[in-house]
């Protein structure tokens, strides 16, 4: 689901038991180094906002960030709130599931609104 979009960047949710957003550049650059310098700075500024809002809304044990782009060969950054009681912790979300989780997290829609509002005033 799309939660934010402007002329250069958009953010989607990733279906998961944990809060997980993906930040994309609109232009499908293959590598981070291919992105023009000013847009690269903006991408990291957007990441900073997403991480800040995720930390302050969910209070996770850790924020994970990843950018593989092997299957989807374009720049995008995964931002994930991790909790000791999520199904995979401390493994990566792509790793081996260790347990069934029973997380009780705050409303996701409110978090998305916080991210949207923070990015709208950047």
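Throughout, read-outs are computed from the coordinates displayed, never taken from laboratory work. Here the structure is a predicted model, which is why all the values come from computation and not from measurement. With ideal geometry, Cβ positions are generated from the backbone for all residues, glycine too; neighbour counts draw on all protein chains shown.
The table that follows gives values for the structure above.
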read-out: Potential extension, residue 109-residue 85 segment - 0.36 nm per residue separation minus Cα distance; value: 6.5 nm
read-out: Projected label distance in nm at residue 7 and residue 41, using a 7 Å step from Cα toward the beta-carbon; value: 1.7 nm
read-out: Sites residue 102 and residue 48 - FRET efficiency at Förster radius 41 Å, r taken between beta-carbons, to 0.05; value: 0.85
read-out: Theoretical FRET efficiency, 1/(1+(r/R0)^6), r = Cβ-Cβ of residue 30 and residue 65, R0 22 Å, to 0.05; value: 0.70
read-out: Folded to 0 to 90 degrees: helix 37-58 orientation relative to the chain principal axis, Cα; value: 20 degrees
read-out: Cα-Cα P(r), region 1-51, percent of pairs per 5 Å interval; value: 5, 19, 31, 24, 14, 6, 1
read-out: Cα-based convex hull, the chain, per residue volume (Å³, whole number); value: 103 Å³
